[in-house]
Amino acid sequence: MNRKSKGDFGERVARTYYESLNCEVLETNYRSKRSEIDLIVLKEGVLLIFVEVKNRSRKDFGEAETFVSLDQQNRIKEAAEDYIYGINWKKDIRFDIACVSPSGEIRVFEDAF
């Protein structure tokens, strides 16, 4: 499986996970300047969640902070600010990391950064 196929697979698994929690997926692969946010979901109309999807090649998921570099976190936050400003969002936000194994197992780190 090539990198794009792996990425698409991970994003589908994460999307299904959030939809199972009755979240509405607002955006996939949202691009802003030099960054991309894999998923933007709305939970109960009051919480906007920015999700970074990571494909894990092993079952031991490890610590969330090792998945996304500080530079990448800052780029995601910058893109999130653009999105928030663009829709005039005034409620809560959260940044999650969704780790997906090759078998489709998912582990979500809420409020990861």
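The values are calculated or read from the model by the stated rules, or taken from the named source; none is laboratory data. Not measured: the values here are computed from a predicted model. We work out accessible area using only protein heavy atoms, side chains counted, and drop any ligands, DNA or RNA first. Shrake-Rupley method; radii C 1.70, N 1.55, O 1.52, S 1.80 Å.
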DSSP-defined beta bridges in the chain - what % are antiparallel, rounded to 5: 65
Å² per residue, accessible surface of the chain at 1.4 Å: 60
Phi to ³J(HN,Hα) by Karplus 6.51 cos²θ - 1.76 cosθ + 1.60 over the range 11-20, Hz, x for Gly, Pro: 5, 5, 4, 5, 4, 4, 4, 5, 5, 5
Sulfur and carbon atoms: percent of accessible area, the chain [1.4 Å]: 45
Helix 70-87 axis, angle to the chain major axis (alpha carbon atoms, nearest 10°): 40
The chain - percent relative contact order, Cα under 8 Å, separation 6 or more: 27
Label selected from (1) 13.4, 41; (2) 18.7, 47; (3) 22.7, 66, the criterion being Rg and Dmax of the Cα atoms in Å as computed here: (1)
HN-Hα J in Hz across the range 30-36 - Karplus 6.51, -1.76, 1.60, θ = phi - 60°, x for Gly and Pro: 5, 10, 8, 6, 10, 9, 9
Cα-based Lys pair tally, the chain, threshold under 27 Å, eight or more apart or on separate chains: 22
